[in-house]
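Every number here is computed from the coordinates shown, using simple stated rules; none is lab data. Computed from a predicted model, the values in this text were never measured in an experiment. Quick reminder, even Gly has a Cβ in these numbers, built from the backbone with ideal geometry, and neighbours come from all protein chains shown.
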Amino acid sequence: MKSAKTSIVAGIVLMTVGGLLLLDLLGIFKVAAFLPPLIFAAVGLVFASLFVRSRENWWAAIPGSVFLGLAAVITATQLSPGDGGGAYLFLFMAAGFAAVYVRERGNWWALIPCGVMFTLAVMVALPPGLPGTAVAAVLFLGLAATFGLLSLVRVRLSDGISEHTGRMKWPLIPAAVLGVLGVIFALQATAVLIALDFAVPAGMILGGIALLVYAYRARRGGQHKVHGA
C-alpha cells in the first residue's frame, strides 16, 4: 500500500514537472520566473502533509506556513509589483499558528504569535501615506485584541493543589494597556487626518486673502503715485 501511494505521488510530480517544462518550451508559461515560489510551495506542502498525518506533528504547521507564505509573496510580487504582497507571508504565518492551537488546545501560546502576525499583515496592507499615529493605532489595537481574545480561551489551570479548567486573567492587563495606547494613537491620527482635510481649503482661503490684500495695496500704491504726480 505504501509503495502504491509513493508511486502515485511520484507519478503526479513527474507529470507536473514535465507539463511545466513543455509549457516553457512552447513559450506559454515561463517556468524560470515561477521556479522559486514552486520550490517554496513544495516544501510547504511537505510540512503541511506532516501536520495532517499526525497530531504529534503540530509543529509542522509553523515552517509549512512560512514556506507557503514565501511562495505567495513571490508570486504576488511577480504578478503585481508593489501591491503589498508582503502581507501574505504574515497571513500564512497567522494561519499556521492558528492551526497549531486548533490541533492541540494546550498550545494556547500559539494565539499570541497568531494575533501578532495578523496585525502585521493588516499594517503591511494599509494604504501608503498614512500618518505614523494611524499605523501605531493599528499595531496597539491589534495586540490588545490578541490578548483580549486570549483571556476568553479556556485552559488548564493549576493552583498548586489541583488542576481545573478556566480562563486566564493576566492577559487582561496587557490588553488594557495596549488598548489605551491604541485609542490614544487613534485619536491623534483622527486629529491629524482632520487637520489634513481642512489644510487644503484653509490654505486656498488664506491664499485668496493674501492675493486680495496684495491687489489692494498695489492699487493704493498706484493711486498715491498718480496724486503725487
- Calculated FRET efficiency for the pair GLU104/ALA191, C-beta based, R₀ 41 Å, to 0.05: 0.35
- Message: Please list 3J(HN,Hα) in residue order for the range 178-188, calculated via the Karplus relation 6.51 cos²θ - 1.76 cosθ + 1.60 where θ = phi - 60°; whole Hz, with x for glycine and proline.
- Response: 5, x, 4, 4, x, 5, 4, 5, 5, 5, 5
- Sketch the reach of a paramagnetic label on LEU23 as a point 7 Å from Cα along Cα-to-Cβ, and name the residues of the range 60-76 whose backbone nitrogen lies under 18 Å away. 71-76
- Sequence ranges 39-45, 52-58, ranked by mean other-Cβ count within 10 angstrom, highest first: 39-45, 52-58
- Estimated inter-spin distance, ILE12 and SER54, nm [label 7 Å along Cα→Cβ]: 2.1
